[in-house]
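Here the structure is laid out as structure tokens; the discussion comes afterwards.
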Amino acid sequence: MSVQRAAQLEYSELQAAMLDEGKRRRKAAKIIAVLAHFLGRDAAEPGDVLSGLTVADVGCSAGFIADELAAAGASRTLGVDIDVPGLRKAAERFGSRVGFVCSDGGALPFPDGSVDVLVFNHIYEHVVDPDAVIADMHRVLSDDGVLYLGLGNKLGVMEPHYKLPFLSYLPPAAADRYVRAFGRADNYYERFRTRAGLRRMLADFHVWDYTFPVLASPERFAGGELFPGPAGRAAKGALERTPRPALKALLPVVPTYLWVATKTPRRPLGAGLPQPPEAVPTP
């Protein structure tokens with residue numbers, strides 16, 4: 001029998017990657033570069049990319065990404081999580097320029113329409129009710145605000161947390177047995193959705209897909225971590241040579257989607273990408 005899911009209250013104590021400062025800051029650089037392109041602020045100085053904007057990182061844990069958002073010029077930066085040990089570490093290091101709040105993402109402590117930029121990066125699979133979190137982010141986002149999303153795909157072949165192929169394809173009870181059999185965990189907590197399921201989750205938003213632009217231009221989007229080492233360079237070369245129709249055919253099994261969502265119809269203001277972002281059809 002699968003274990004009943006409960007909120008992961010101390011995730012940074014369970015997942016050491018949340019405390020890997022270098023990796024978290026590299027992820028932040030990618031997030032900021034995507035936001036800069038969407039907002040048409042590509043040419044802005046690094047400390048001005050988010051100038052004049054209120055920014056919140058939902059699922060901030062130890063605060064490295066929130067700190068980078070503050071350094072990018074946000075007029076106000078907020079970090080939200082239920083990870084108390086992570087928040088304690090974050091407040092000790094970055095509390096002078098980031099306001100950290102212990103709160104469930106389904107009941108964000110912000111007024112309606114008060115946040116200009118929301119970041120929700122590789123969090124939804126850990127949330128007990130991601131639909132409730134998305135709904136509350138829609139509430140607090142300003143009418144012309146943007147929501148950055150890093151979204152794991154249920155049909156990605158290699159599960160990213162436990163490095164077991166096809167783990168996320170399995171029903172919960174079978175997935176529990178799989179992780180136990182390989183000594184990775186007592187049960188499989190995460191719950192991923194397919195591309196279609198993610199689009200349904202975001203049905204109230206207009207969504208732009210930055211997945212292939214970032215993969216095709218990793219240097220521009222500070223995404224060098226996507227292609228580490230010789231094997232990574234080979235993969236990047238193969239990607240660059242793949243015809244666009246073939247890339248689109250691969251979308252259902254891409255491991256991670258990078259989306260930017262808005263409440264009202266908006267187009268990216270940046271230009272000059274080898275793989276332009278595209279609107280993700282409403283389900």
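Each value in this text was obtained by applying a stated rule to the coordinates, not by laboratory testing. Values in this document were obtained by computation on a predicted structure and should not be read as measured data. Glycine gets a Cβ as well: all are built from the backbone with ideal geometry, and neighbour counts include every protein chain shown.
Details
- Values of log10 I(q)/I(0), in the order q = 0.06, 0.13 Å⁻¹, for the chain under a Debye, Cα-only, solvent-free model: -0.18, -0.90
- DSSP-assigned coil residues among trypsin sites (Lys or Arg not before Pro) in region 103-166, each with at most 15 further Cβ atoms within 10 Å: Lys163
- Hull volume in cubic angstrom per residue (convex hull over the Cα atoms of region 116-220): 119 Å³
- For region 33-79, a Kirkwood radius taken over Cα pairs fed into Stokes-Einstein (20 °C, viscosity 1.002 mPa s) yields D = 202 µm²/s.
- Among Glu219, Glu125, the order by Cβ neighbours within 10 angstrom, fewest to most, reads Glu219, Glu125.
- Integer Hz, Karplus 6.51/-1.76/1.60 couplings in order for region 177-184, x for Gly and Pro: 5, 5, 5, 5, 4, 9, x, 8
- Using equal-weight Cα scatterers in the Debye expression, the normalised intensity of region 86-137 in log10 at q = 0.20, 0.32 Å⁻¹ is -0.86, -1.24.
- Within the straight-line cut-off of under 26 Å between alpha carbons, the lysines reachable from Lys248 are Lys27, Lys30, Lys154, Lys163, Lys236, Lys263, sequence neighbours fewer than 8 places apart in one chain being disregarded.
- Cut-off under 5 Å, modelled amide H: who pairs with Thr242 long-range: none
- Theoretical FRET efficiency, 1/(1+(r/R0)^6), r = Cβ-Cβ of Glu92 and Ala44, R0 22 Å, to 0.05: 0.15
- Antiparallel DSSP beta bridges within the chain, percent to nearest 5: 45 percent
- Reciprocal of mean inverse Cα separation for region 102-172 (Kirkwood radius, Å): 13.6 Å
- Compactness of region 179-224 is given as radius of gyration and Dmax, 16.5, 42 Å, from Cα positions.
- Under 19 Å of direct C-alpha separation, and excluding same-chain neighbours fewer than eight residues apart, Lys89 reaches these aspartates and glutamates: Glu10, Glu13, Asp20, Glu21, Asp57, Asp67, Glu68, Asp81, Asp104.
- Residues in region 133-167 reached by a label modelled at Ala181 [backbone nitrogen below 13 Å; 7 Å Cα→Cβ]: 164-167
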